[in-house]
Amino acid sequence: MTGLPATKLNEFRGKFEGELLLPDSAGYDEARQIWNAMIDKRPAAIARCTTTADVVQAVNFARDNNLVLAVRSGGHNIAGSALCDGGLVVDLSRMKGTQMSPTTRRITIEAGATLGDLDAATLPHGLAVPVGINSTTGVAGLTLGGGFGWLSRKYGLTIDSLESAEVVTAAGKVVRASATEHPELFWALRGGGGNFGVVTRFEFRLNPAGPDLLSGLVVYPAAEAMAVLRQYREFAKTAPDDLTVWVVMRKAPPLPFLPTEAHGQPVVVLALLYAGDPKRGEALIEPLKQFGTPVGAHVGVQPFAAWQQAFDPLLTPGARNYWKSHNFAALDDGLFEVLVTALDTLPSPQCEIFIAHLGGATSRLPADSTAYGQRAAEFTMNVHGRWEAATDDTRCIGWSRDLFAAAAPFATGGVYINFMTEEEQGRLREAYGSQYDRLVRVKTQYDPGNLFRTNQNIAPA
């Protein structure tokens, strides 16, 4: 960017109605901060867009001047794809508009919105899109990678509720992608990441949810981890789609329902949501409290909106984060042994292992119905390496990698693209499986010059 003639930059300024930040602009350093503090990149410019027309101007400017281009919505991606060094960031974070109709059960939401913004619009009406578990996550990044959370066993992935998307292509054209308009692009957007254009607006179908649902935590000591994990495996085999139970293994935070002597100690947490009638759910979850002797439990009927934000304090921006992830068709005793060992060697109070139970509605669509390539996965494990000081990088990254390697013999080989770090480009075929070659064809059609490449990149033919 610094090598561009001033006339070209001024020409762009004249067409761009948003805010253009350069390295010497007030607010530049704040604007280049994202959720994962390990990512420290210095774009030559950050184009804070306010309209789709702004996005078109930014895309055209980057393409015509051979600039590296990155796209930021929530800035939450673990790999740091929202930023680039020396190029142009198309920043969508100010585009948060929504249009919702409870009658038709549809919502249109701009790409800078977070899950919290989406939930705030829908959940008071007892309607929801199945999204993730951290309210500060961006709607765009989550959706384009597939998206799953507490409602996915009942309603499928986030992309399974997507009706259409407004997209700015590499050619600077604005198109609507749906089942009937640009259907191949629509197929690719549902799981193919940010490879095919800048999505500026999403239209979702809404599903009944709450507004009050049964949810909460049951916490067991690490000494009972193996027994709890084995019982969880059997429980999950017959769990109805309305019931989602995830496992979290970490050092206990100072939750008010836990005794003080448990704070900071390794624990196994069963985190649950029942998406149906709470009275029926109370009977179904009772066995979860009988897996051993809980350190504490906090389960009850509460607004689903509150449960959607319950994990936010553990996932605040500004920490250093490194993830490793596997998918599993089943949970083997050998895997449990690996997990128990890792629980005993947690390198920081914030590191954790979580296992999400998928299946249900996520696995019922045909494997090739969307670009998301992991519908057969029954469980997803994410190793959350998380810590504060750069001096702990080697130790905490090493723990994450060691656990990942030890768990590999029990995994399918597949991986959820939103959990992949910047270094894992070599796992793309594992992530997409048989969908990969079709994705290459769509990429070649819509982005033959690979303008959109600061992502888990699918290169054009």
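Quick note: the coordinates plus some simple rules give every number you see, no bench work behind them. Owing to the predicted nature of the structure, the values given are computational and were not obtained by experimental measurement. All Cβ positions, glycine included, derive from the backbone under ideal geometry; neighbour counts span all protein chains shown.
Listed values, structure above:
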quantity: The chain, dipole about Cα centre (Lys/Arg Cβ +1, Asp/Glu Cβ -1), debye to the nearest 20; calculated: 760
quantity: Helix-only [θ]222 nm of the chain, DSSP H runs n ≥ 4, -39500 (n - 2.57) each, per residue, nearest 500; calculated: -7500 deg cm²/dmol
quantity: In degrees, nearest ten, helix 436-446 long axis to first principal axis of the chain (Cα); calculated: 30
quantity: Distance from the stretch 435-450 to the stretch 311-379 (C-alpha centre basis), Å; calculated: 28
quantity: Gap separating the Cα centres of the stretch 268-289 and the stretch 34-69, nearest whole Å; calculated: 44
quantity: Angle in degrees between helix 52-64 and the longest Cα principal axis of the chain, rounded to the nearest 10; calculated: 70
quantity: Charge context of residue 459, other residues only, Cβ under 13 angstrom, K/R +1, D/E -1; calculated: +2
quantity: 12 Å beta-carbon shell around residue 40, net charge (K/R +1, D/E -1); calculated: +2
quantity: Farthest toward positive dipole pole in the chain [+1 Lys/Arg, -1 Asp/Glu at C-beta], among 27, 187, 247; calculated: 187
quantity: Between 0 and 90°, nearest 10: helix 333-344 axis offset from the chain longest Cα axis; calculated: 80
quantity: Prolate/oblate/rounded call for the stretch 304-460, Cα gyration tensor, a/c under 1.5 rounded; calculated: prolate
quantity: Point-charge dipole on Cβ atoms (K/R +1, D/E -1) for the stretch 272-363, about Cα centre, debye to 20; calculated: 260
quantity: Under DSSP loop assignment and at most 16 Cβ neighbours within 10 Å, longest GluC sites (Glu not before Pro)-free interval of the chain; calculated: 182-387
quantity: Charge dipole (debye, nearest 20) of the stretch 285-417; +1 at Cβ of Lys and Arg, -1 at Cβ of Asp and Glu; calculated: 280
quantity: Residues whose placed amide H lies under 5 Å from that of residue 296, excluding near-sequence neighbours; calculated: 219
quantity: Net charge contributed by nearby residues that have their C-beta within less than 11 Å of residue 362 (K/R +1, D/E -1); calculated: +1
quantity: In Å, descending, principal axis extents of the Cα set of the stretch 6-91; calculated: 35, 25, 23
quantity: Cα lying deepest toward the dipole's positive end in the chain, options 361, 174, 308, charges on Cβ; calculated: 174
